[in-house]
Amino acid sequence: MMMFVKKLFFPPKKSPSFSFISRGTKLTGNIELTGDVLIGGDIQGQLLSEANITIEQGGTIQGEVKCHEFIVDGHFKGRLICERLVIQRNGVVDGEVASTSMQILEGGQFIGMRIKEDAPTIYSHAIGHTPATDNRNLSHVQNDVIESR
């Protein structure tokens, strides 16, 4: 009886979803994901994830991305909205970024413009719309290391 009550009030937790887009795979269009995604292939279009997106070395995204955390060890070109951006040693981010925090490891490259915003503002941005630029929070960097470890 106790097991039945426990299961009734505490249903089993769902395992988080994870997607992998392998090398040689090319996707075009609007993609929506609920979980983390690892990208080794090529994506063109809009990518929306409620979780984290990682581009591994050799992977590319060209288009618009909105996610919680964005880790780049491959190549991204376009418009990015995320809470946290990490550019790894082989990573290249080329475009417009709206983020709460940004980290660039030595060797990583950021080419473009960044708007620093708080988390509630980040989550209110919609893909397909340009965030309002505020000169107080605007930084322009080209091929500079912002933080190295």
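Throughout, read-outs are computed from the coordinates displayed, never taken from laboratory work. These numbers come from a predicted model, not from an experiment. Note that we place each Cβ from the backbone using ideal geometry, even for glycine, and neighbour counts take in every protein chain shown.
Going highest first, how would you order 94-105, 66-77 by mean Cβ packing within 10 Å?
Numbers: 94-105: 18.7, 66-77: 21.5.
Final packing ranking: 66-77, 94-105.
For Gly45, nonlocal amide neighbours, meaning residues 5 or more places apart or on other chains whose placed amide H falls under 5 Å from its own, are Gly29, Gln62, Gly63, Glu64.
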